[in-house]
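Below is one structure; the comments refer to it alone.
We did not get these values from a lab; they are worked out from the coordinates using the rules stated. In this text, all values refer to a predicted model and were calculated from it rather than measured experimentally. We place every Cβ from the backbone using ideal geometry, glycine too, and count neighbours over all the protein chains shown.
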Amino acid sequence: MKKIAVLCFGSFLLCFTCVPDPIEDNKRALVNVEVVNGTLSGLENISVKFNTGEVVIVQNQDENIFLQDEFILASQLTNSNGISSFVSLAPKGDFRDSYVVINPKEFDENNVDPNSNLETVAYLIEDETLDISLPQTILREKTGLTVRFINNSSTADFIRFVITYSGDTNLVSFPSGAAMGEVVIEDSIVGEEIFLERTFSTVIGSNATLEYQIFQNNEVTQEDIITIAVTEINQLYEFEY
Amino acid sequence: MNLNIRIALLVICLAIFSAQGQEDKAQDSIGTRSNMVLYFDFGVVIAPQAIGDNFIAKGYNLKSGFDFGTSIKTKYFTVHGNILIHGGKVTDNDIVGNFNSTSFSRYSFGLGYSFKVNDKISVDPSVNYGYVLLSSRKAGTRRFKDDGNFFSVDLQVNYQLTKTFSLYAGVTGFTDNLKVKTPTAIQDFYDSSGAIYPALGIRFNTLKRKRIAGEPGDGIFTRRDGL
């Protein structure tokens, strides 16, 4: 009987400690967001979520930022002026990251379909402020950028390149404003290959940079940094060397 | 356990033990009867209403609940201890938070006076101080709380049914001072609230007067009994 009691008590403790405890007692945060498009008109019905979880930044061609173990503290849609203002439960300061996600990629808890044509912007809240009044946020249109490498050189042994671009999920620190959503992809092409393409998911209005070095006999014979202005849907940039 | 609850429970216990001690002492010394009475109240709170411009009034639909109390009536005043529990459904998540319901608990003690209108009816006003706990849980998490202190003013009318039981109807007005922290711009909306709680219930009298030679029957001690 004593063993059963100890077992039950142990199970209870185990279950209790397994339950997440992300919410701070006696606290509320105020979240104010204004979402506009490229012409600064308010964007309606954009989902805004205040989450606690873990922000993971990766350098991946398909997905540059992961928001893991999300726990939604509050969510709301923007009104016709693109404004969302709500009071939220407050996350425990030392628990995990807290962040506001505008236009999350997945369905929100109200089953609101995300606007798949627009980028996702996440503000990582740096301190334990309860007043989260974010700056006006421009949601840019998503697009694909294809960089095509064409080898017309008979002398190049290989080309090493670094492409830096703004992903379609962008992370910004609040209140400092530092952007952390840039993706850096490094790759190289051996001389025998004459054709290679890389396609990235980025946003219109951003700039991508192509930094390259062409090698011959293990020496750099040519290098440069090229800025590519992303201005259209499914943009193609051809680089010949 | 919160310090306020501990203090409230300590005061209630001390009051009860003190009353029983006084009861024994009075009976021993006089050999007849005490001028103290111990009551227990079991009631329901019906359709409590939050009032004012605050997040409870604007964002909750308060539900009915239960009211448990004890009172010690002395010759000059009454001492009260009370526990009140009810629920509240969140009606506006944008001002309360993203969860569905809250359990409200109030623990209080206070002082009052009993006015006897006639043999059957008495009116008991009192003032109380206590601890209020709003316990909530969002799906998939542990419970979290908002809490604070409150003052309340209570008016209770009792109708004597038998020597042991009476019915009561009462109304209590609460002024809450909550610890909730928010940005300054909205602090006033969250750190104070008010509410009115109507209640109905049964009062149980545990002390019966001692039979005295030449006096028929048992009954509840009152000031009218001659002490």
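When the Karplus curve 6.51 cos²θ - 1.76 cosθ + 1.60 is applied with θ = phi - 60°, which whole-Hz ³J(HN,Hα) does each residue of the range A:174-186 get, with x for Gly and Pro?
Running phi through 6.51 cos²θ - 1.76 cosθ + 1.60 with θ = phi - 60° gives 10, x, 5, x, 5, 8, 10, x, 6, 10, 10, 10, 10 Hz.
Please list the non-local residues whose amide H lies under 5 Å from the amide H of A:L196, H modeled 1.01 Å from N, same-chain partners needing a gap of 5 or more.
A:F149
Report the net charge of residues surrounding B:N100, where surrounding means a beta-carbon distance below 11 angstrom and charges are Lys +1, Arg +1, Asp -1, Glu -1.
+3
Convert each backbone phi in the range A:199-210 into a coupling constant with the Karplus relation 6.51 cos²θ - 1.76 cosθ + 1.60 (shift: θ = phi - 60°), then list the ³J(HN,Hα) values in order as whole Hz, x for Gly and Pro.
After applying 6.51 cos²θ - 1.76 cosθ + 1.60, I find 10, 10, 8, 9, 10, 5, x, 9, 10, 10, 10, 10 Hz.
Output needed for the range A:180-241: three equivalent-ellipsoid semi-axes, defined as square roots of 5 times the C-alpha gyration tensor eigenvalues, in descending order, whole Å.
24, 13, 11
Can you list the equivalent-ellipsoid semi-axes of the range A:131-221, largest first and in whole Å, using the square root of 5 times each Cα gyration tensor eigenvalue?
On the way: eigenvalues 254, 40, 12 Å².
Equivalent ellipsoid of the range A:131-221: 36, 14, 8 Å, largest first.
Give, as a single signed number, the net charge of other residues whose beta carbon lies under 13 Å from the beta carbon of B:I46, with Lys and Arg counted +1 and Asp and Glu -1. Each step should come with its number before you reach the end.
On the way: positive: B:K63; negative: B:D67.
So the environment of B:I46 carries a net charge of 0.
How many nm separate the modelled label positions at B:S101 and A:N217, each set 7 Å beyond the Cα in the direction of the Cβ?
8.3
In Å, the Kirkwood hydrodynamic radius of the range B:78-183 over pairs of distinct alpha carbons? Could the numbers behind the result be given before it?
Working: mean 1/r = 0.0627 Å⁻¹.
Computed over Cα pairs of the range B:78-183, the Kirkwood hydrodynamic radius comes out at 15.9 Å.
Hey, what do the phi angles of the range A:128-140 turn into as Karplus ³J(HN,Hα) couplings, whole Hz, using 6.51/-1.76/1.60 and θ = phi - 60°, x for Gly and Pro?
8, 4, 9, 9, 9, 9, 7, x, 4, 10, 8, 8, 8
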